[in-house]
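See structure below.
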Amino acid sequence: MKNLMKLTLVGFLFLVGAQVQQVHARAMNPSEVRAAMLGKTIVARRWGVSIRLKYRHNGTVGASSLLGSNKGTWYFRGNRVCTVFPKGPGAGSACVTFTRTGKNSFVSSKGVHFSAY
């Protein structure tokens, strides 16, 4: 019985701690984004399709999925990462922030969850 109570208390504290951590989550700054994502393969699912992105040190970004591939550019605007794709389904520019949710897991300010390897 005591073990069950301890286990329940530990589980409760874990859940409360996880919720507090999410409340205090903040957008990553440019240095954090560079360290976590530049040169790595980013994998996300959007509209039911797996998408791979790679932000390169030279300011270019590549995207690929079953629907095809696209190349564009990226840059920082404050803590936001902005991308510009000249053509394709993602044509145009967009800026988002990233928040770390785990060791290699992140979420964008548009609600897209992804991993970087």
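Calculate the translational D of the stretch 23-99 in whole µm² s⁻¹ from Stokes-Einstein, where the hydrodynamic radius comes from the Kirkwood formula applied to all Cα pairs, the temperature is 4 °C and the viscosity 1.567 mPa s.
99
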Point to revise | Footprinting exposure proxy for ARG34, ARG100, ARG26 (fewest neighbouring C-beta atoms within 10 Å first) | key: ARG26, ARG34, ARG100
Check your understanding: By counting other Cβ atoms within 10 Å of each Cβ, how are LEU53, LEU38, LEU66 ranked from fewest to most?
Key -> LEU66, LEU38, LEU53
Study note, to complete from the structure: Ranked from fewest to most other Cβ atoms within 10 Å of their own Cβ, SER65, SER31 fall in the order SER31, SER65
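Read-outs: derived from the displayed coordinates by stated rules, not from any lab. Just so it is clear, the model here is predicted, and its values are computed rather than measured. A quick note on method: Cβ atoms are made from the backbone with ideal geometry, for glycine too, and the neighbour counts reach across all protein chains shown.
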